[in-house]
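Structure record follows, encoded as structure tokens.
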Amino acid sequence: MKNISILLLGFWTFLATSCDKDEYLAPDKDKYVYDIPQTDLPIDAVVGAYYTNITSSSAWQKSGNKIYTGTPVLGEYLSASSDVLARQIDWADQAALDFFIFGWDGASADKTLVKTFQNARSVSQGKVRFILNYNTKHLKVTNDMPLQTEEKLETMIDEFTRTLVPLFKEDSYYKVEGKPVVLVTPANLSSSALNSIDYSLVIPALKEAMKKEGYELYVIGEFTTGWVAPVNYEQHQIASFDGVTLTDWSTNLYDRYYAFFSFTDLNWTNWRKTIAQWNTDFIPCIFPSYNDRVNSASSYKYTFGQEGVTSDYVHFCNVAKRNVGAQNIVLVNSWNNYQKGTNLEPTEENKSGFLTITKEQFKK
């Protein structure tokens, strides 16, 4: 990516044609388009990566056509394989990852992946751990039957008690200051389901129930989008959590693309400062590369970090370090999402370059 002077050309032209010459004052582009300096943290960051559970060959091929970018070193694999996970655990340790993030909606595939990972980690004596991203959609909450109702909330708490608490007891589950880390998604409720969850009621009730089981949780709310300011959300969607993260920073806008790092930096600074009033941590979420053109009809999905280019990832790491919250947590989206080309996992094109950068940028 490059900082180019034509970024705000359209805006300047508008001003020039709308105002008298004496009244015209161009915006200071240095406030919006600037280089990101190398930033060093005083201590190691905690780094986790979203893991895509690939359960079918349809994730790789559709009607005989390839639907992913890059060339995985492991080929077109299925995730719940001991050999695959053993190799991935080794790579994760090379990157000094602290944990994988496994999706959780109670499905058997989720449980199989966790069990296979635990076994593979035990055999390989790997260091990387895992956490769960709990998706509330499988609870089938609605505006008429919201999650905070007794029946739905009991279902959620019962699932945590019966299924998740045994996982918290394992060494393979990541904890911060002794607290099991759990993501809850989505924090950004759809416009048709704005009343389906009141997190100011749900999260305290969940934490109280888990405390009775002997665990104090660290709960991260996941916003499945980016580029939206916190003022656009209800307070309970942010303040109810210990931390929040926004996972998707892809763009099809020219200005955001060419000023991607400074625009993201400005956005994250706003988030970090705004949510600090509620003692909520901002948790940056970055990606090493991006390319979803294979699955998009639009040609305006801008890409970066492809075909061996790693400098963009270094810049994104530094944006994260400039905006990391009190717990020093940074998330990477993703470990192996090849359909969007955001994979940290080695490919024939990028080799282990992204692994090396992750360790160099976030660990002392």
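Assorted remarks:
- Screening region 158-204 for residues that are of a type in the set (Lys, Arg) and farther than 21 Å from residue 280 by Cβ and picking the one that is surrounded by the most Cβ atoms within 10 Å (Cβ to Cβ) gives 169.
- Among the residues of region 243-256, those that are of a type outside the set (Ser, Thr, Tyr) and in contact (Cβ under 8 Å) with a residue 60 or more places away in the chain comprise 243, 248, 255.
Residues are listed down the side, and each one gets a yes or a no for (1) of a type outside the set (Asp, Glu); (2) over 21 Å from residue 334 (Cα atoms):
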residue: 103; (1), (2): yes, no
residue: 113; (1), (2): yes, no
residue: 132; (1), (2): yes, no
residue: 140; (1), (2): yes, yes
residue: 149; (1), (2): yes, yes
residue: 216; (1), (2): no, yes
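- Residues in region 319-363 that are touching a strand residue (DSSP E or B) at 6+ places or on another chain (Cβ under 8 Å) and part of a helix (DSSP H, G or I): 6 in all.
- Residue 308 loosely packed, with under 14 Cβ neighbours inside 10 Å, at pLDDT 95 or above and at positive phi: no
- Subset of region 49-88 (residues that are of a type outside the set (Gly, Ala, Ser) and assigned to a helix (DSSP H, G or I)): 83, 84, 85, 87, 88
- Here is the figure for region 78-102: residues that are under 18 Å from residue 362 (Cβ atoms), buried (at least 18 other Cβ atoms within 10 Å of the Cβ) and not aliphatic (A, V, I, L, M) total 4.
- Residue ID - surrounded by the fewest Cβ atoms within 10 Å (Cβ to Cβ), chosen from residues in region 53-70 that are among the β-branched types (Val, Ile, Thr) and under 13 Å from residue 294 (Cβ atoms): 67
- A single member of 337, 279, 295, 318 is surrounded by fewer than 24 Cβ atoms within 10 Å (Cβ to Cβ) and under 19 Å from residue 238 (Cα atoms), and it is 279.
- Residue 327 more than 30 Å from residue 60 (Cβ to Cβ) and under 19 Å from the mean Cα position of the chain (by Cα): yes
- Cβ separations smaller than 8 Å between residues 6+ apart or across chains give the following pairs from region 121-139 residues that are assigned by TED's automatic domain parsing to the domain that holds residue 84 and among the hydroxyl-bearing types (Ser, Thr, Tyr) to residues that are in a strand (DSSP E or B) and surrounded by 20 or more Cβ atoms within 10 Å (Cβ to Cβ): 134/104; 134/182; 134/183; 134/184; 134/185; 136/184; 136/185.
- Failed item in (1) modelled with pLDDT of 95 or more; (2) among the hydroxyl-bearing types (Ser, Thr, Tyr); (3) outside any helix (DSSP H, G or I), with residue 251 passing the rest: (1)
The values are calculated or read from the model by the stated rules, or taken from the named source; none is laboratory data. In this text the structure is predicted, and so the values were computed from the model without any measurement. Backbone-built Cβ (ideal geometry, glycine too); neighbour counts: all protein chains shown.
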